[in-house]
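Notes to accompany the following structure.
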Amino acid sequence: MSKKELDLINPNCSVYDVMNIIGGKWKIDIIYHLGEGTLRFGELKKSLIPITQQMLSKQLKELENDGIIKRKVYSVIPPKVEYSLTDTGNSLNPVIESILEWASYYSNKLDVNICKDECERKQDNMDCCKANLN
């Protein structure tokens with residue numbers, strides 16, 4: 001694909017649309033963690049240190065509006081809300097895996113760690129994240 005075909009600033013490009021959906025600072029991390037299963041707000045927040053509550057809420061609302069995640073509210077006291085991926089969100093799992101593989105390759109090639117904040121998404125075939133922080 002030529003640079004002309006991949007125009008990330010052109011609103012008529014489908015890649016532009018995708019980047020608007022998953023391009024937030026924490027969105028790929030959120031999608032990754034929800035790819036492992038349904039999580040409550042607090043569980044997500046603990047997995048995404050140092051994200052703020054306000055930023056997590058904003059990113060979750062945007063992902064929900066874009067049809068990537070679903071929010072299930074239980075009418076109990078205290079309130080219980082669970083987040084999970086929709087079918088569309090689940091279809092992003094191979095994309096996320098590819099990004100992780102690329103990140104592992106890139107960080108090994110340049111001898112740098114491009115993962116953030118001691119994440120724990122260590123994969124069997126990847127040297128990324130926690131393993132590289134030691």
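Each value in this text was obtained by applying a stated rule to the coordinates, not by laboratory testing. Because the structure is predicted, anything quoted here is derived from the model rather than measured. Glycine gets a Cβ as well: all are built from the backbone with ideal geometry, and neighbour counts include every protein chain shown.
Limiting things to C-alpha atoms, what are the Rg and the maximum Cα-Cα separation (Dmax) for the stretch 1-86, in angstroms?
Cα radius of gyration and Dmax of the stretch 1-86 are 15.2, 55 Å respectively.
Starting from the Cα-Cα distance between ILE28 and THR88, subtract it from 0.36 nm times their residue separation and give me the gain in nm to one decimal.
Answer, rounded to one decimal: 20.2 nm.
Report the net charge of residues surrounding LYS58, where surrounding means a beta-carbon distance below 12 angstrom and charges are Lys +1, Arg +1, Asp -1, Glu -1.
The answer is +1.
Give a residue-ordered list of calculated ³J(HN,Hα) values for the stretch 85-97 (Karplus: 6.51 cos²θ - 1.76 cosθ + 1.60, θ = phi - 60°; whole Hz; x for Gly, Pro).
Values, residue by residue: 7, 7, 4, 5, x, 4, 5, 7, 3, x, 5, 4, 4 Hz.
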